[in-house]
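The values are calculated or read from the model by the stated rules, or taken from the named source; none is laboratory data. Quick caveat: nothing in here was measured; it's all calculated off a predicted structure. Virtual Cβ from ideal backbone geometry, glycine too; neighbours counted across all protein chains shown.
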Amino acid sequence: MRTYTLHVPEGSVRGDASALERAELVRDGFSWSAFAFTVLWFLRHRLWLAALIVLLGLVGLALAGRALGLSPFAALVVTGLASLLIGLEASSLRRWTYGRRGRPARDAVIAGSQEEAEMKAVARWLDAEAPARPAAQPQAGARPVARRDEDAPFGFFPASEGGR
């Protein structure tokens with residue numbers, strides 16, 4: 001199962017079908033095509049600034065390797081590691097670019113395929129009364145779960161601090 005984020009134009013209201021015409025669905029995780037084709041992948045997704053930054057970074061890396069006198073094998077390893085980093089961060093750069101262009105992430109869905117993610121995202125977007133992320137219902141006999149303060153950053157556990 002993969003996580004997908006839905007990016008719609010800023011100011012769009014849930015239930016507005018016309019916002020889905022310009023919506024983008026971005027899969028989270030490693031991108032094999034960005035790993036293999038680096039700059040071309042960014043250009044295909046119309047991420048001009050990210051493509052320029054990646055191109056300049058790769059050229060700078062090649063020039064630094066040549067200036068340091070790296071062997072061809074070492075240069076291959078460095079290029080492979082740079083491509084690995086690009087493959088890992090490509091979807092994050094894509095989400096960042098959409099947010100910068102006025103299409104922030106408005107919802108996240110978990111699905112097994114792109115088609116399933118599209119169906120879930122559209123169904124949740126068009127259901128105006130549904131919350132963006134449904135709350136988990138406690139099971140019978142389950143221990144109550146402490147709610148996280150929405151303004152508190154992740155990683156802080158105020159409920160456990162009193163027990164020290």
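Tabulated values for the structure
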{"read-out": "The stretch 1-22 - residue that is within 20 Å of T97 (Cβ to Cβ) and assigned to a loop (DSSP other than H, G, I, E, B) and, of those, nearest to the chain's Cα centre (by Cα)", "value": "V8"}
{"read-out": "Matching residues in the stretch 37-59 - criterion: being touching a residue at least 12 places away in the same chain (Cβ under 8 Å) and under 26 Å from E116 (Cα atoms)", "value": "W41, F42, H45, L47"}
{"read-out": "Residue identified as in contact with an Asp or Glu (Cβ under 8 Å, 6 or more places away or on another chain) and not in a helix (DSSP H, G or I) among L25, L70", "value": "L25"}
{"read-out": "Qualifying residue in the stretch 58-71 (condition: under 14 Å from I86 (Cα atoms) and surrounded by 12 or more Cβ atoms within 10 Å (Cβ to Cβ))", "value": "yes"}
{"read-out": "Residue match in the stretch 137-148 (condition: closer than 30 Å to A17 by Cα, loosely packed, with under 15 Cβ neighbours inside 10 Å and at pLDDT below 90)", "value": "yes"}
{"read-out": "Which listed residue is assigned to a helix (DSSP H, G or I) and among the hydrophobic types (A, V, I, L, M, F, W, C), from I110, I53", "value": "I53"}
